[in-house]
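Note sheet for the following structure.
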Amino acid sequence: VAIIKLEHIYYKHDSLYEKTREALKNKPEALSQIYFLTGSSQDNVQELTSTVLKHLSKKFKIRAILLQTFHHAIHNRYNEARDLIMKAHFGQTIADQPTAVQIIYNRAIVQIGLSAFRLGLFNECNQVLVDVCQSPKLKESLAQGTSNFRQQQEKTREEEDEEKKRFIPPHL
């Protein structure tokens, strides 16, 4: 349950919750029907990640740490996100992980780079994003589409369906 809850909240910025509360402040019946986090999202994500790290297998632990890293990055906590991903040493083992985990890793790295950019740390931003942006399959590595139109035409129907399963919805 912890990993499922974590997957539902990691990509949401605190401002989304604030705007929803503000829009529904005069409608207590509607507000009670919507799930809200108690306390800060950072505390909730930390608690859920700790639960996953304590009780689940390595496969889920890696995913939880990456989701927590992503959450730190979207909230412009560059140092926390960078330290967390460096401490976990994913760079050496990420190639051995399933494609879905590799995609989350790439997206977390990009968010760390964007966090550095938003904070004005342009050299750090460049260092983080240079490897990801030089990839010939940038869109595929972030699960946002295909880069090469000619390759797309030569794919079979099954390959296209398998590729579409890996796409991450735009709201994430």
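For the range 89-129, go through all pairs of different Cα atoms, get the mean of 1/r, take its inverse, and jot down that Kirkwood value in Å. Please list the in-between numbers first.
Values: mean 1/r = 0.0928 Å⁻¹.
That comes to 10.8 Å for the range 89-129.
About the centre of its Cα atoms, the range 51-113 shows a dipole size close to 180 debye [charges on the beta carbon of Lys, Arg (+1) and Asp, Glu (-1) only; nearest 20 debye]. The distance between label points at LYS19 and HIS55 comes to 3.3 nm (points 7 Å beyond Cα on the Cα→Cβ vector).
Backbone geometry of the range 60-65 corresponds, through the Karplus equation with coefficients 6.51, -1.76 and 1.60 at θ = phi - 60°, to 3J(HN,Hα) couplings of 6, 4, 4, 4, 4, 5 Hz, x marking Gly and Pro.
Within 13 Å, Cβ to Cβ, of ILE109, how many net charges do the neighbouring residues add up to if Lys/Arg are +1 and Asp/Glu are -1?
Working: positive: ARG82, ARG107; negative: GLU124, ASP131.
Here the charged neighbours net out to 0.
Separation of the alpha carbons by more than 31 angstrom is noted, of LYS12/LYS54; LYS12/LYS61; LYS19/LYS54; LYS5/LYS25; LYS5/LYS27, for LYS19/LYS54. Give me the distance between the Cα centres of the range 74-97 and the range 113-133, rounded to whole Å. What the calculation gives is 14 Å, centre to centre. Based on the alpha-carbon gyration tensor of the range 1-138 and its eigenvalue square roots a ≥ b ≥ c, which shape applies: rounded if a/c is under 1.5, prolate if not and a/b is larger than b/c, or oblate? The shape class here is oblate. Annotation: ASP83 carries an accessible surface of approximately 70 Å², with a 1.4 Å probe and no ligand, DNA or RNA atoms counted.
The values are calculated or read from the model by the stated rules, or taken from the named source; none is laboratory data. Please read all numbers here as calculations on a predicted model, not as lab measurements. Using ideal geometry, Cβ is built from the backbone for each residue, glycine included, and neighbour counts are taken over all protein chains shown. Protein only, heavy atoms only, side chains kept; ligands, DNA and RNA dropped before computing areas. Shrake-Rupley method; radii C 1.70, N 1.55, O 1.52, S 1.80 Å.
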